[in-house]
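*Asks:* One structure, pasted below without further comment.
What follows draws every value from the coordinates through simple rules; no lab data is involved. Computed from a prediction, not measured in an experiment: that's the story for all the values here. A quick note on method: Cβ atoms are made from the backbone with ideal geometry, for glycine too, and the neighbour counts reach across all protein chains shown.
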Amino acid sequence: MQELANDEAVAFIKTKKYGNLALCKSNQPYSIPIAYTHTDTAILLYQHSRGRTLEYLEANQRACFEIHDIKGFQDWKSVIIEGWISRVTDPSELRDSLKTIEKNIKLMEGSYEETARAISSGRVGGVYKILIEKLSAVQSSE
């Protein structure tokens with residue numbers, strides 16, 4: 001196993017669209033696969049539903065996000081991001097985040113303006129950002 005340089009890790013992150021978000025509430029871990037996009041300082045996530053994820057986010061804002069590419073036992077790459085997760089509530093930041101998400105992963109039905117209104121009204125989940133505090137990346141030895 002060998003560590004990846006930060007620029008190699010970021011390049012890898014930008015090639016993927018899905019990762020695993022891990023949260024914890026009252027010592028009970030919870031992990032879900034979720035689509036993401038990367039900015040210079042954060043991971044942006046769009047969660048359509050309102051449920052257990054939101055409950056865990058409200059209880060504990062520490063998060064871990066894992067992205068991997070496994071082709072085989074001796075051919076894999078993995079990135080772990082640790083940081084603080086928060087719901088994007090500022091209307092301007094919400095619109096900008098939705099534009100970035102839509103540009104990079106095209107998940108939303110309709111326009112980002114419609115999605116922003118649905119989020120603000122509480123009809124759908126929301127946009128979350130993980131501020132990257134620590135990033136570690138490794139790959140199989142070649």
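*Asks:* About the Cα centre, and with charges only on the beta carbon of Lys, Arg (+1) and Asp, Glu (-1), how big is the dipole of the chain? Nearest 20 debye, please.
*Replies:* With Lys and Arg at +1 and Asp and Glu at -1, about 480 debye.
*Asks:* Can I ask one more? What number comes out for the charge environment of Ala9, summing +1 per Lys or Arg and -1 per Asp or Glu over other residues with Cβ under 15 Å away?
*Replies:* Combined, the nearby Lys, Arg, Asp and Glu give -4.
*Asks:* Continuing with the same structure: Could you derive backbone 3J(HN,Hα) for region 12-20 from the dihedral phi with the Karplus parameters 6.51, -1.76 and 1.60 (θ = phi - 60°), listing whole Hz in sequence and x where the residue is Gly or Pro?
*Replies:* 5, 3, 5, 8, 9, 10, 10, x, 10
*Asks:* Here is a further query. Using helices alone, I'd like the mean residue ellipticity at 222 nm for the chain: each DSSP H run of four-plus residues gives -39500 (n - 2.57), total over residue count, nearest 500.
*Replies:* Calculated at 222 nm, the ellipticity per residue is -9000 deg cm²/dmol.
*Asks:* Taking H as built 1.01 Å from N, whose amide H comes closer than 5 Å to the amide H of Val124, not counting residues under 5 places away?
*Replies:* Ile119
*Asks:* For Phe73, Phe65, Phe12, which order do you get if you count the other beta carbons within 10 Å of each Cβ and list the fewest first?
*Replies:* Ascending Cβ contact count within 10 Å gives the list Phe73, Phe12, Phe65.
*Asks:* So for the chain, averaging the separation of alpha carbon pairs under 8 Å that are six or more residues apart and normalising by length, what relative contact order in percent results?
*Replies:* 34
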